[in-house]
Structure formats: C-alpha cells, structure tokens
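Presented below is the structure to which this report refers.
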Amino acid sequence: METQMNGTLTGKVAFVTGAAGGIGRATAMAFAREGASVVVADVSEKDNQETARMIEEQGGRALAVRCDVTRAEDVQAALDKTIDAFGRLDFAFNNAGIEPRKPAPTADYDLEEWDRIIDIDLRGIFLSMKYEIPVMLKQGGGAIVNTSSGAGVIGIKGSPAYTAAKHGVIGLTRAAALDYAAQNIRVNAVCPGYIDTPMMARFTGGTAEGRARVISEEPIGRMGRPEEIANAVLWLCSDASAFVIGSAMVVDGGQTIQ
Ligand code: NAP
C-alpha cells in the first residue's frame, strides 16, 4: 500500500535499521517512494540487499549496509557509509528489534534472554541515536523515530525483558527529545500493535489458530499492516509534525486502550 504523500522527501536521506523485512522494509520503501535516498541496515544481509533491490526496482535510491545495532563500530560505520554515499542524514528510523523467545514470569526469566533483548531492543536504539545525532547536529537538524511497541505502554505478562526494553525506548526517546529539541532534532517513538510481519509469523507459529488468537486481542478485528506503521513514521519525519516532540505514537488498532 502506498503512502498518501508524493515526492515530498526528494533530496532527503533516511537511515532505517531492521530494514531486511517487516516494518523496516515497508518504511524504507515508503521513504524511497517519497523521493528520499535510503540506507537500509540490518544483520540479515541477504534480505536487506533484497530490500535495496526492491527500492531500486520502484525507481528509488538505496544502499544496503550490514549493521548489528548492538555493535558501536557497526553503527558508526553504517552512518559513515550513509554520508559517503548520500552526503547527509535527515531521518533515522531506529527499528531493529527482536521478540522474546521463551515467556516466563519475572523471577524465572532467563538471564541470557534478558541481556539479549535489552541489548538489541534498548541499547541498540541508544547506540543508533548516539551516532546519528552528531551528524544531524552538524547539518542543523533532523528527525528520529524509535520503534517501541504496545509493550512500551502496557505490561505484558511473562515478558519482563521485552516490556522493560520497549518502555525504556519511550523513556530514552523523551530524554533525547528534550536534549535536542532546541537544536532542531525531533525525536519520537512509534508503538505498533500486532503487525503482520515475519516476527509476527514466528510469534503466532504461522498457524490459523495462532493468528486468530492474536487477532482476538485487536478491537479492530485484524492485524496491522507494516505499511500502516510506515505511514506513521513518515508523518513523524515530515514537516506536518513539526511541533511533535518526544511523543510515543500508538498505532495498534485499539489493542492497548481496552
Ligand atoms: P522482523 O520482521 O523480525 O524484522 C526485524 C529485523 O531486525 C529483522 O530483519 C532482524 O534480522 C533485524 N535485527 C534483529 N537484530 C538485529 C540487530 N542486532 N541489528 C540489526 N538488525 C537486527 O520484525 P518486525 O515485526 O518488522 O519488527 C520491527 C520492530 O517493530 C521491532 O523493534 C519490534 O520489536 C517492533 N514491533 C513489532 C510488532 C509486530 O507486531 N510485528 C509489534 C510491536 C513492535 P533477523 O531476522 O536476522 O533477526
């Protein structure tokens, strides 16, 4: 599904993590459709290159970069490549993330699993902003959107690490938003509900019953589409949201207001 806007981002440059599939791929493609050059970054190299190919196929400009967001040197190198290729950085969508593998109550939660989720889903966003913001400061501004979750605004039983990481993303977003609001860098978060992506396929086991269970929690009666998150991210990066700072925009079909 295409966004409602057309060519509004020509001459701009976007950096998207977790771009090899799902929400990241859909958002990278939406940025490109609006005319932005897009750097797609992911650990999953083959699928990430496929995202770049899909962008080029639709007439856009893309660069695929292998980047593990938990490694400072990877993030720094990916942003260096962004500047080398396209000369600037206007938008960053810090979206790479993983879901919990084994639900367990807090006291029984696996330590390694805790560290893995916090490392990617929270520290990865911090590291991304740590290296994006200096580039934006140098050029006089930019817009950043971080991916939180419904789990960033409500507690999820059996999922302490993911809930903490996604709540943390909102706190981090607000702190960074205040740090740079006066310097023309807007930082916001998006909180998706159940979105039909490869992550969701793993979560539901890809079965009709699994999907039905998830959909039963959605007041709207369906999962969201990755393009519906892309629309929100593009709006948060556009001048239409110029007064929106440090928000956690919930896009979830009503899931978290029940
Ligand atoms: P997805 O389909 O699994 O895509 C996430 C991408 O991030 C994958 O390509 C993944 O690669 C990559 N990734 C994982 N670890 C990384 C790392 N250390 N460095 C760089 N890339 C890494 O997931 P999605 O559903 O699009 O989710 C995107 C974001 O939205 C995540 O932050 C997720 O928590 C959040 N979210 C999703 C939903 C939903 O319902 N889908 C709901 C709320 C929030 P691998 O596949 O190789 O791991």
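The values are calculated or read from the model by the stated rules, or taken from the named source; none is laboratory data. Keep in mind that what you see is a predicted model, and the values were worked out from it rather than measured. Virtual Cβ from ideal backbone geometry, glycine too; neighbours counted across all protein chains shown. Calculation scope for accessible area: heavy atoms of the full protein, side chains included, ligands and nucleic acids excluded. Shrake-Rupley method; radii C 1.70, N 1.55, O 1.52, S 1.80 Å.
Having 1 or more residues that are away from the ligand (no atom under 11 Å from the Cβ), touching a residue at least 40 places away in the same chain (Cβ under 8 Å) and among the charged types (D, E, K, R) is the bar; report the helices (runs of 4 or more DSSP H) wholly within region 182-237 that clear it.
Fully inside region 182-237 and qualifying: 226-237.
Results for (1) of a type outside the set (Ser, Thr, Tyr); (2) under 18 Å from residue 48 (Cβ atoms); (3) surrounded by fewer than 14 Cβ atoms within 10 Å (Cβ to Cβ); (4) without any contact (Cβ under 8 Å) to a residue 12 or more places away in the chain, shown as yes or no for each residue.
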{"site": "80", "(1), (2), (3), (4)": "yes, yes, yes, yes"}
{"site": "87", "(1), (2), (3), (4)": "yes, no, yes, no"}
{"site": "90", "(1), (2), (3), (4)": "yes, no, no, no"}
{"site": "93", "(1), (2), (3), (4)": "yes, yes, no, no"}
{"site": "97", "(1), (2), (3), (4)": "yes, yes, no, no"}
{"site": "104", "(1), (2), (3), (4)": "yes, no, no, no"}
{"site": "109", "(1), (2), (3), (4)": "no, no, no, no"}
{"site": "117", "(1), (2), (3), (4)": "yes, no, no, no"}
{"site": "120", "(1), (2), (3), (4)": "yes, yes, no, no"}
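Among 20, 14, which is the only one that is part of a strand (DSSP E or B) and either modelled with pLDDT of 95 or more or hydrophobic (A, V, I, L, M, F, W, C) (or both)?
On inspection, the qualifying residue turns out to be 14.
Look through region 13-37, keep the residues that are among the β-branched types (Val, Ile, Thr) and under 25 Å from residue 194 (Cβ atoms), and return whichever of them is most open to solvent (accessible area, probe 1.4 Å).
By that ranking, first place goes to 23.
Being closer than 19 Å to residue 191 by Cα and part of a helix (DSSP H, G or I): is that true of residue 126 here?
So residue 126 fits the description; yes.
Which condition does residue 40 not pass, out of (1) open to solvent by 30 Å² or more (accessible area, probe 1.4 Å); (2) modelled with pLDDT of 95 or more, if it passes all the others?
Every listed condition holds for residue 40 apart from (1).
Restricting the first residue to region 29-52 and requiring it to be farther than 20 Å from residue 10 by Cα and in a helix (DSSP H, G or I), which pairs with a second residue that is more than 9 Å from the ligand (Cβ to nearest atom) and small (Gly, Ala, Ser) meet a Cβ separation below 7 Å and a spacing of at least six or different chains?
If the second residue must be more than 9 Å from the ligand (Cβ to nearest atom) and small (Gly, Ala, Ser), the pairs left are 48/64; 49/64.
Can you tell me how many residues in region 181-194 are more than 18 Å from residue 155 (Cα to Cα) and surrounded by 20 or more Cβ atoms within 10 Å (Cβ to Cβ)?
Going through region 181-194 one residue at a time, the tally reaches 4.
Going through region 150-174 one residue at a time, which ones are within 15 Å of the ligand (Cβ to nearest atom), without any contact (Cβ under 8 Å) to a residue 60 or more places away in the chain and part of a loop (DSSP other than H, G, I, E, B)?
Scanning region 150-174 gives 155, 156, 159.
If you scan region 43-78, which residues turn out to be closer than 21 Å to residue 226 by Cβ and crowded, with 22+ Cβ neighbours inside 10 Å?
Within region 43-78, 48, 51, 52, 55, 62, 64, 65, 67, 69 qualify.
Would you point out which residue out of 142, 124 is out of contact with any helix residue (DSSP H, G or I) (no Cβ under 6 Å at 6 or more places or on another chain) and small (Gly, Ala, Ser)?
Within the list 142, 124, the selection yields 124.
Please give the number of the condition residue 177 fails out of (1) assigned to a helix (DSSP H, G or I); (2) in contact (Cβ under 8 Å) with a residue 12 or more places away in the chain; (3) within 16 Å of the ligand (Cβ to nearest atom).
Of the numbered conditions (1) assigned to a helix (DSSP H, G or I); (2) in contact (Cβ under 8 Å) with a residue 12 or more places away in the chain; (3) within 16 Å of the ligand (Cβ to nearest atom), the odd one out for residue 177 is (3).
Taking residue 30, is it hydrophobic (A, V, I, L, M, F, W, C), within 16 Å of the ligand (Cβ to nearest atom) and over 18 Å from residue 132 (Cα atoms)?
Judged against the criteria, residue 30 is a match.
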